[in-house]
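Right, I'll just put the structure down here and ask away after.
No lab work stands behind these numbers, since they all come straight from the coordinates. This structure is a prediction, so every number in the text was calculated from the model and none was measured. Virtual Cβ from ideal backbone geometry, glycine too; neighbours counted across all protein chains shown.
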Amino acid sequence: MRPRTFWLVAMMPALALAAGGCSSKCPKPIVYDPAALKEIQKAVEALPRDSILHQVMTDYENERDDLRFCR
């Protein structure tokens, strides 16, 4: 493989990301009203202590926090 071809192949993923603009666009988080948040909290509290959904909800909350800081 010639050096120029190798460079182009090596840079393709970065060029695709730059062309797609995915690094500069942040999705908008869904805003829940207070009634929905209360209902969600009740549903989470009703889960068994060993439910995997407790960890999933914690991960989701952390991702939403990160999303708020996305620019």
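Measuring from label point to label point, each 7 Å out along Cα→Cβ, what is the Ile52 to Val31 span in nm?
If labels sit at Ile52 and Val31, their model points lie 3.4 nm apart.
Once both labels are modelled 7 Å past Cα along the beta-carbon direction, what's the Ala43-Tyr60 spacing in nm?
Here the answer is 0.7 nm between the modelled labels.
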